Amino acid sequence: MKESWDLIIVGAGAAGLMAAAEASRLKLKVLVLEGQKDPGLKLLMCGGGRCNATNVKVTDKDYSAGCAHTLRHVLKHFSSEDAVRFFEQWGAPLALQEDGCYFSADGNARTVLKALLSAAAAGGARLRTEARVTAITAQDGGFNVVVNEDCETTRRVLITTGGRSYPATGSDGSGYGFAECFGHRIIAPRPALTPLLAGAETFTSLSGIVVPAGLSLWAAGKKEHSVKGPLLFTHHGFSGPVALEMSRAWVDARARQGAVRVDFFPDERREGAEFLFQDEAQKSLKTCLAARLPERLAVALLHAAGVDGLKRPGKSEVSRSDRRALERVLRACPLPVKDTMGYAKAEITAGGVDLKELKGAALESRLQAGLYFAGEVLDVDGRIGGFNLHWAWASAAAAARAAAAAKA
Ligand SMILES: Cc1cc2nc3c(=O)[nH]c(=O)nc-3n(C[C@H](O)[C@H](O)[C@H](O)COP(=O)(O)OP(=O)(O)OC[C@H]3O[C@@H](n4cnc5c(N)ncnc54)[C@H](O)[C@@H]3O)c2cc1C
């Protein structure tokens, strides 16, 4: 007769593998079902292949989530020290960078993946790949899990199928469908941490330039969101941490005609742009600007302002309207965003299974006993800096521990 499992985990990404390690350590008989040929494909892409696995300081402020209480509860029980200790123990030490991010010490995300696989295998968790789950139904106090026209039975199920971003890695949103079958509400999924597409060619010739910038999102005359950090110009538009961080707010404000503005001097306390020319009155505007910004960008901004770069501030050649136009493009330049690069290039999916329908830190469904969720499938998304993987580890550990406690 076919064996039955204590816990079936659907999806062998960051959350599924951490849950397999923790649940098997706690003596559950665990089967992990992964649709792809290999587990952890997205994990291998993390941090440009170096894997930013956590951050020295993780708080609920680093996330957007549908229920702050549940978020805080889960984070409280799995700190960044816990993550660092876990990966150290399983042969993947993490190294702390100056900015507070922890990366795989050998600069290789594969080492982090191997650590997870070793930990899961050490506890006896079984992993089946090329095993795509197509249906989950409740039966006789347990579950039937349909996979490749075969059926597995289990007492509990943990859904760690991820979101919709980078669907080629296997995360195509199937977890939302499973949750809906049990009556769960899905908070509208949308791409987040994704590059912005330019709607005009003003800046696309600047591809490859990176500058410090302050981005702000405005709707109905109000500033709704602001971020500061490196901005990268690309062939398609805008990327780099600030553009990625802005994408979610832009998507949310799109229907309200939300507009992004950029300050090219984000650390300058003085207002306006006069400070740039004060002591350089005899030099041309272009020379003054090129001393502070990459020359190609300086030229493009002068062009966007409609001001002749050869004019010199000290020779009364720069009119009041020139000064106003310069101030606008240098300190609050409208960024011509027409769209985002969507799920194809999104590091994360915002939205997902509504946290309010789960039991606090257990992450167990209030609608179906024995059904758990963890990772990106939930309505939680973090900012750049290791926070999304930290959520995967913390939520997976929480759900696995709750499933083990329920068995006891
Ligand atoms: C390019 C890129 C870089 C990133 N870099 C970082 C970083 O450095 N730091 C950070 O914190 N975050 C980073 N992230 C985000 C991070 O990768 C995710 O937050 C994290 O992987 C989510 O883990 P998860 O286990 O919930 O989902 P996933 O990692 O997406 O795993 C879900 C798994 O479930 C499987 N699956 C789906 N449906 C089924 C099904 N029906 N049956 C069987 N299996 C199924 C999928 O094949 C997949 O393997 C990055 C993301 C991307 C795309």
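The values are calculated or read from the model by the stated rules, or taken from the named source; none is laboratory data. What you see is a predicted model, and the numbers here were worked out from it, not measured in a lab. Every residue, glycine among them, receives a Cβ derived from its backbone with ideal geometry; neighbour counts consider all protein chains shown.
Residue count for the stretch 205-217 satisfying the condition of being at pLDDT 95 or above and closer than 17 Å to PRO334 by Cα: 7. Within the stretch 254-289, the residues that satisfy the criterion of being of a type in the set (Gly, Ala, Ser) and either under 29 Å from GLU224 (Cβ atoms) or within 34 Å of the chain's Cα centre (by Cα) (or both) are ALA255, GLY258, ALA259, GLY272, ALA273.
With respect to the stated conditions, LYS42 is surrounded by 18 or more Cβ atoms within 10 Å (Cβ to Cβ), basic (Lys, Arg), modelled with pLDDT of 95 or more and within 15 Å of the ligand (Cβ to nearest atom).
Does GLY47 satisfy the criteria of being at pLDDT 95 or above, in the same structural domain as LEU355 (by TED's automatic domain parsing) and over 22 Å from THR194 (Cα atoms)? Criteria not met by GLY47. With respect to the conditions (1) surrounded by fewer than 21 Cβ atoms within 10 Å (Cβ to Cβ); (2) among the acidic types (Asp, Glu); (3) near the ligand (Cβ under 9 Å from one of its atoms), GLU34 falls short on a single one, namely (1). Only one entry in ILE187, ILE159 is touching a Gly at 6+ places or on another chain (Cβ under 8 Å), under 30 Å from SER365 (Cα atoms) and surrounded by fewer than 21 Cβ atoms within 10 Å (Cβ to Cβ), namely ILE187.
Within the stretch 257-277, if we keep just the residues that are surrounded by fewer than 12 Cβ atoms within 10 Å (Cβ to Cβ) and touching a residue at least 12 places away in the same chain (Cβ under 8 Å), the residue that is farthest from ALA325 (Cα to Cα) turns out to be GLN257. Checking the conditions here, which among THR59, THR54 is of a type in the set (Val, Ile, Thr), within 19 Å of ILE348 (Cα to Cα) and more than 11 Å from the ligand (Cβ to nearest atom)? Just a single option satisfies the conditions, and that option is THR59.
Here ILE8 fulfils each of the conditions (1) surrounded by fewer than 24 Cβ atoms within 10 Å (Cβ to Cβ); (2) out of contact with any helix residue (DSSP H, G or I) (no Cβ under 9 Å at 6 or more places or on another chain); (3) not in a helix (DSSP H, G or I) apart from (1).
Out of ALA369, ALA361, ALA397, one residue alone is within 16 Å of the ligand (Cβ to nearest atom) and over 10 Å from the mean Cα position of the chain (by Cα). It is ALA397. Within 15 Å of the ligand (Cβ to nearest atom) and of a type in the set (Asp, Glu): is that true of GLU201 in this structure? Judged against the criteria, GLU201 is not a match. Number of residues in the stretch 191-204 that are β-branched (Val, Ile, Thr) and either over 17 Å from the mean Cα position of the chain (by Cα) or outside any loop (DSSP other than H, G, I, E, B) (or both): the value is 2. Scanning the stretch 278-329 for residues that are among the basic types (Lys, Arg), in contact (Cβ under 8 Å) with a residue 12 or more places away in the chain and either outside the structural domain of VAL211 (by TED's automatic domain parsing) or within 18 Å of PHE265 (Cβ to Cβ) (or both) turns up LYS283, LYS286, ARG292, ARG296, ARG323, ARG328.
The numbered conditions (1) at negative phi; (2) surrounded by fewer than 20 Cβ atoms within 10 Å (Cβ to Cβ); (3) within 16 Å of the ligand (Cβ to nearest atom) are all true for PRO212 except (3). For the stretch 313-358, the set of residues classified as away from the ligand (no atom under 16 Å from the Cβ) and of a type in the set (Gly, Ala, Ser) consists of GLY314, SER316, SER319, SER321, ALA325, ALA332, listed by residue number.
Filtering the stretch 53-70 to residues that are touching a Leu at 6+ places or on another chain (Cβ under 7 Å) and not hydroxyl-bearing (Ser, Thr, Tyr) leaves ALA53, VAL56, VAL58, ASP60, ALA65, GLY66, CYS67. Within the stretch 13-23, one or more residues are near the ligand (Cβ under 7 Å from one of its atoms), closer than 19 Å to VAL145 by Cα and assigned to a loop (DSSP other than H, G, I, E, B).
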